[in-house]
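What follows is a single structure, written as structure tokens, with notes after it.
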Amino acid sequence: MLNEIKQDANERMNKSISSLESNFSKIRTGRAQPSLLEQIQVDYYGSMVPISQVANISAEDSRTLKVSPWEKEMVATIEKAIMTSDLGLNPQTVGQVMRIPLPPLTEERRRELVRLVKDEAEQAKVAVRNIRRDANSDFKELLKDKEISEDEEHKAQEDMQKITDSNISAIDEKLNAKEESLLEI
């Protein structure tokens with residue numbers, strides 16, 4: 001029973017970390033990364049789909065993304081979707097291939113992105129702590145129902161704290177790595 005609660009809490013904490021990684025991948029660093037365009041939706045014959053489902057996206061070099069639509073008719077639609085996104089990118093189309101030069105980040109924008117990244121990490125930490133709180137309340141409930149002893153409850157809370165600490169340190173590592181890549185020129 002206690003192990004199931006701990007395992008469930010750990011899985012939920014790992015999902016919070018995965019969500020954080022996903023959010024970090026959408027925040028632009030100084031390098032061209034195909035994940036930058038993943039959240040852009042394109043009108044594909046009446047339904048909105050991610051750009052990656054209608055085109056191949058690759059990094060041509062460190063400052064340029066290359067988008068190759070699979071259908072010739074989609075070139076204008078994809079170009080419009082990229083231009084109207086809030087990323088501030090202007091694709092240059094030659095035939096069926098779009099090249100998207102990424103302007104270098106200004107120092108001010110880098111600091112802004114670092115603040116954004118820190119906020120995302122803090123939200124992930126709060127989520128992890130909330131999961132710990134839920135698990136600890138489950139332990140207290142088991143103690144109240146006399147299904148476990150006080151010693152077992154105390155040990156379970158200590159184990160939960162260790163799990164929480166390891167997940168918080170993983171979040172901090174990811175935050176530091178993202179900060180470094182943002183501040184790198």
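Since every read-out is calculated from the coordinates, none of them should be taken as a lab result. It should be emphasised that the depicted structure is a prediction, and the values quoted were computed from it without experimental measurement. Quick reminder, even Gly has a Cβ in these numbers, built from the backbone with ideal geometry, and neighbours come from all protein chains shown.
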At what distance in angstrom do the alpha carbon centres of region 122-185 and region 3-58 lie from each other? 24
Between helix 107-144 and the chain, what is the angle of the helix's C-alpha long axis to the longest principal axis, kept within 0 to 90° and rounded to the nearest 10? 30
Past the 27 Å Cα-Cα mark, which pairs from Lys15/Lys144; Lys26/Lys162; Lys15/Lys72; Lys80/Lys178; Lys26/Lys80? Lys15/Lys144; Lys26/Lys162; Lys15/Lys72; Lys80/Lys178
What does the convex hull of the Cα atoms of region 34-101 come to per residue, in Å³, rounded to a whole number? 75
Quote the FRET efficiency, to the nearest 0.05, computed for Lys162 versus Glu112 with a Förster distance R0 of 35 Å and r equal to the Cβ-Cβ distance. 0.50
Based on a Kirkwood Rh over C-alpha pairs, give the Stokes-Einstein translational diffusion coefficient of the chain at 20 °C and viscosity 1.002 mPa s in µm²/s. 111
Highest first, please rank the peptides 63-69, 44-50, 148-154 by the mean number of other Cβ atoms sitting within 10 Å of their residues. 63-69, 148-154, 44-50
Expected unfolding gain across Ser137-Met83 under the 0.36 nm per residue rule, minus the alpha-carbon gap, is 14.5 nm
One computes Rg over Rh for region 100-161 from alpha-carbon atoms, with the Kirkwood Rh, and obtains 1.41
Label-to-label distance, nm, for residues given as Gln41 and Lys72 (7 Å Cα→Cβ offset): 3.0
Label-point gap, in nm, between Met48 and Val97 - each point 7 angstrom along Cα→Cβ: 3.1
Label-point separation, His154 to Val126 (7 Å along Cα→Cβ), nm: 3.3
Against the longest principal axis of the chain, how steep is helix 2-25, in degrees 0 to 90 to the nearest 10, with axes from Cα atoms? 20
Just from its helices, what would the mean residue ellipticity at 222 nm be for the chain, if runs of 4 or more DSSP H residues each count -39500 (n - 2.57) and the sum is divided by every residue, rounded to the nearest 500 deg cm²/dmol? -20500 deg cm²/dmol
How much FRET efficiency would the formula 1/(1 + (r/R0)^6) give for Glu179 and Glu60, where r is the Cβ-Cβ distance and R0 is 22 Å, rounded to 0.05? 0.25
